[in-house]
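The values are calculated or read from the model by the stated rules, or taken from the named source; none is laboratory data. A quick note: this is a predicted structure, and the numbers were derived from the prediction, not measured. Every residue, glycine among them, receives a Cβ derived from its backbone with ideal geometry; neighbour counts consider all protein chains shown. Please note that ligands, DNA and RNA were not included when accessible areas were found on the heavy atoms of the full protein model with its side chains. Shrake-Rupley method; radii C 1.70, N 1.55, O 1.52, S 1.80 Å.
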Amino acid sequence: MATHYHIDLENFSLDRFRHILETSELLPGRKVLKENIADRFGVLASRDIRNLKELIDALSTRNKIERFSRESGLPEDYLMILRREANSYVPKPVNLKEFPGVNHESLEKLSTAGITNTKHLFEKTTTRNDRENLSRLVNVSPDDLLELAKLSDLVRVAGVGPVFARIILDAGIDTLEMFSNSSPEESFEKVVAVNKEKQYTKIMATLKDVTLCINMAKDLPKVIEYE
C-alpha cells in the first residue's frame with residue numbers, strides 16, 4: 001500500500017518538472033530555479049537524469065550534492081534548492097490533529113491503535129469494509145472515519161496542506177477523484193467562497209495554485225474506495 005501513497009516518481013519526467021517550474025509562481029527563496037533553466041536542466045539530462053525519482057536519488061544527501069556539483073558544474077546552493085523543490089512532490093504524512101474541524105475524541109481513540117497521521121489512516125481505510133472494521137476496533141463512528149479518510153486522501157496531493165484539504169472538502173469537492181477531474185476555475189471559486197465564510201486561513205491559494213494541485217492530483221493512484 002505504501003507504494004501507492006505518492007505519485008509515481010519514475011513516470012514523472014524531468015521535462016514535466018521543468019515545465020512546472022517555468023510556469024509556476026515559485027516562493028521567493030526558490031525563484032532561482034527559473035534562472036538559466038534550459039541550460040541547467042540540459043546538464044541534468046546529460047547526467048542521465050530522466051525523471052523525478054532519479055533526480056531525488058542523485059541529490060539525496062549533502063555528499064551526493066557536493067559530488068554532483070563538482071562533476072556537473074552546477075552550484076551547490078542551486079542543487080540544494082532543487083532538491084527541496086523536488087522533495088515537495090512527495091509530501092510527508094500529516095498529523096491528523098492538524099486538520100481543522102475534526103473530532104479530537106475520535107483522534108484520541110485512533111491513536112490507541114497507533115493511527116496518528118494521514119499515512120497510517122490511508123493504509124487502514126482503503127475500502128468500506130476496512131473502515132467498518134476499524135470503526136468497531138477503536139469505537140469511532142463510520143462518518144468520522146470517512147471524513148478523515150477523505151481529508152487524508154486529499155492531503156496526499158503536493159501543495160495541499162491540512163487546512164487547504166479541509167477547505168476543498170467543505171467546498172463539496174470531497175474525493176481525490178472529484179478534485180482531479182474538477183475545473184480549476186470552478187474549484188477556485190468554491191474554495192475562495194468557503195474560506196471567506198469560515199475564515200480558515202488569511203493566505204488563500206491562487207488560481208494557479210489550484211490548477212497545479214489539480215494537475216498533480218491526476219497523477220496520484222486513486223486507491224481509497226468510497227462506494
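Name the residue, out of PRO91, PRO162, PRO142, whose mean-square fluctuation peaks in a Gaussian network model built on the chain with Cα pairs under 10 Å.
Maximum among the listed residues: PRO142.
Quick one: order ARG70, ARG131 from most to least accessible surface, probe 1.4 Å.
Most to least solvent-accessible, the answer reads ARG70, ARG131.
How far, in nm, would the chain grow between LYS218 and GLU185 when pulled straight, counting 0.36 nm per residue and subtracting the alpha carbon separation?
Working it through step by step, the gained length comes to 10.3 nm.
Which residues' amide hydrogens lie under 5 Å from the amide hydrogen of ASN117, considering only partners 5 or more residues apart or on another chain, with H built in the peptide plane?
So ASN117 has HN proximity to LEU96.
Mind running the shape call on the range 178-227? Use the C-alpha gyration tensor, a ≥ b ≥ c as the square roots of the eigenvalues: rounded below 1.5 for a/c, prolate if a/b tops b/c, oblate otherwise.
In terms of gyration-tensor shape, prolate.
Taking only DSSP H segments of four or more residues, each worth -39500 (n - 2.57), what value at 222 nm results for the chain once the sum is divided by all its residues, to the nearest 500 deg cm²/dmol?
Helix-only estimate at 222 nm: -17000 deg cm²/dmol.
Taking amide H positions as placed in the peptide plane 1.01 Å from N, state which residues far from ASN51 in sequence (5 or more) or on other chains have amide H under 5 Å from it.
LEU14
Label points 7 Å out from Cα along the Cβ direction at LYS97 and THR116: separation in nm?
Calculated label separation equals 0.9 nm.
Among PRO75, ASN129, ASN117, whose Cα lies farthest out toward the positive end of the dipole of the range 72-136, if unit charges sit on the beta carbon of Lys, Arg (+1) and Asp, Glu (-1)?
The listed residue farthest towards the positive side: ASN129.
Classify the chain from the C-alpha gyration tensor, please: rounded if a/c falls under 1.5, else prolate or oblate depending on whether a/b exceeds b/c.
Prolate.
Would you please put 170-182, 30-42 in order of how densely packed they are, using the mean number of other Cβ atoms within 10 angstrom per residue and starting with the highest?
Final packing ranking: 170-182, 30-42.
Under 1.5 on a/c is rounded, so check that first for the range 1-79, then, if it is not, pick prolate when a/b is larger than b/c and oblate when it is not; a ≥ b ≥ c are the square roots of the alpha carbon gyration tensor eigenvalues.
It comes out oblate by the Cα gyration axes.
Given Cβ point charges of +1 (Lys, Arg) and -1 (Asp, Glu) and nothing else, what value in debye, to the nearest 20, does the dipole of the range 60-110 about its Cα centre take?
Magnitude of the dipole: close to 180 debye.
At 1.4 Å probe size, with every protein chain present, just tell me what the per residue accessible area of the chain comes to in Å².
Averaged over the residues of the chain, the accessible area is 52 Å².
Specify the inter-centroid distance of the range 121-177 and the range 47-113, based on alpha-carbon positions, in whole Å.
23 Å
Starting from the Cα of GLN199, move 7 Å in the Cα-to-Cβ direction to define the label point; list residues of the range 134-172 whose amide nitrogen is under 20 Å from there.
Within reach of a label on GLN199, which here means backbone N under 20 Å from a point 7 Å along Cα→Cβ, the range 134-172 contributes 163-168, 170-171.
Nearest 20 debye, what's the magnitude of the dipole of the chain about its Cα centre given +1 on Lys and Arg Cβ and -1 on Asp and Glu Cβ?
Around 620 debye, computed over the chain.
ASP8 versus GLU108, label points 7 Å from Cα toward the beta carbon: distance in nm?
Rounded to a tenth, the inter-label distance reads 4.4 nm.
Taking the Cβ of GLU147 as the centre, find all other residues whose Cβ is under 12 Å away and add up their charges (Lys, Arg: +1; Asp, Glu: -1).
Charge balance near GLU147 sits at -2.
Using +1 at the C-beta of Lys and Arg and -1 at the C-beta of Asp and Glu, which of ILE203, ALA38, ASN11 has the Cα lying farthest in the positive direction of the dipole of the chain?
Sorting the options by dipole projection puts first ALA38.
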